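The values are calculated or read from the model by the stated rules, or taken from the named source; none is laboratory data. No experiment lies behind these values; they were computed from the predicted model shown. Quick reminder, even Gly has a Cβ in these numbers, built from the backbone with ideal geometry, and neighbours come from all protein chains shown. Just so you know, the surface numbers come from the protein's heavy atoms only, side chains and all, with ligands and any DNA or RNA stripped out. Shrake-Rupley method; radii C 1.70, N 1.55, O 1.52, S 1.80 Å.
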Amino acid sequence: MSLLADSDGDRIARIGRYQVLDRPPRADLVALVEIAALAADVPMAAITLVTDTEQHQVAAVGFDGSVCARAGSMCDVVLAGGEPVVVADAVADPRFRDDPSVAGALGAVRSYAGHPLVTPDGTAIGALCVFDTRARELTSGQARALAGLADRVVDLLELELRTRELTATVEDLRRAQAELERSNAALAAFAGQVSHDLRNPLTALTMALSMLDEEGADEDAGRRFLLDRARNGTRRMQLLIDDLLTVARVGD
């Protein structure tokens with residue numbers, strides 16, 4: 001099975017995450033394309049991403065990148081074959097001789113080399129391509145350089161994606177922290193208000209129990225029992241109020 005035998009849906013989803021199709025060419029990708037052209041000693045090079053029906057040259061040197069039909073294109077051959085494609089003379093190759101960029105409608109390409117762009121999860125998204133208007137062979141060293149640069153293209157796309165995702169995560173954490181601080185402040189304010197509202201009636205109740213005790217509760221066992229129960233209740237309530245005040249003071 002070809003390494004690049006991925007569904008169009010997987011490829012389109014991955015390309016969409018990179019966010020490069022509808023934006024101006026990124027400077028880092030253009031720099032890599034320039035290096036690819038120098039390494040292969042050719043006048044033209046491009047990074048091409050392939051969707052279900054189109055190929056998008058998201059960075060190019062030696063010509064203006066464009067969007068054109070995928071069917072029958074050189075990069076589509078790379079995508080379908082699952083391996084690098086090197087053509088010394090495209091005019092003599094039946095796969096390419098009718099291509100508009102070879103036949104003259106869009107260009108006069110003679111030699112072509114394309115290396116697949118494969119993401120870390122194994123999804124093929126396009127190719128790094130170099131072109132020349134004269135028939136020629138790539139040296140083994142130039143082919144290795146093209147393969148290495150294709151990997152660097154994917155590295156740059158992944159780096160920008162991970163940076164964007166990390167930035168979004170940090171922003172989410174900042175919002176969560178702000179919400180936690182707001183919630184803690186509201187909780188502290190609530191605890192302080194509740195403890196204040198409870199302390200006043202509790203003080204009045206404690207005073208009333210003391211007055212009843214002074215009026216001779218010792219002479220009535222039943223009354224004594226009820227007063228003891230009431231005082232124990234007020235002490236427990238006082239502890240709860242003290243806890244609420246502690247929460248109000250500590251906050252978070």
Practice prompt. Could you give me the radius of gyration and the Dmax of the range 1-73, taking only the C-alpha atoms into account and expressing both in angstrom?
Written response: 13.1, 35
Discussion item. What three numbers, in Å, describe the spread of the alpha carbons of the range 117-198 along their principal axes, ordered from the longest?
Written reply: 92, 22, 18
Worksheet item: Can you list residues whose amide H is under 5 Å from residue 59's amide H, if they're 5+ apart or on another chain and H is modeled 1.01 Å from N?
Response: 47
Item to complete: Express in nm, to one decimal, how much length is gained between residue 8 and residue 175 on full extension, taking 0.36 nm for each residue of separation and deducting their alpha carbon distance.
Response: 56.5 nm
Response to the item:
Reduced to Cα centres, the span from the range 71-139 to the range 36-54 in Å works out to 9 Å
Fill in: Solvent-accessible heavy-atom area per residue, rounded to whole Å², over the range 102-155 at 1.4 Å
40 Å²
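Which FRET efficiency, nearest 0.05, do residue 93 and residue 54 yield, Cβ-Cβ r, R0 22 Å?
Numbers: r = 23 Å, r/R0 = 1.03.
In this case the efficiency is close to 0.45.
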Worksheet item: With the Cα gyration tensor of the range 60-138 giving a ≥ b ≥ c as the square roots of its eigenvalues, does the rule (a/c under 1.5 for rounded; else a/b larger than b/c for prolate; else oblate) give rounded, prolate or oblate?
Response: prolate
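Report the semi-axes of the equivalent ellipsoid for the range 1-125 in whole Å, largest first, where each axis is √(5λ) for an eigenvalue λ of the Cα gyration tensor. Provide the component values of the computation, followed by the final result.
Numbers: eigenvalues 92, 65, 38 Å².
Each semi-axis is √(5λ); the values are 21, 18, 14 Å.
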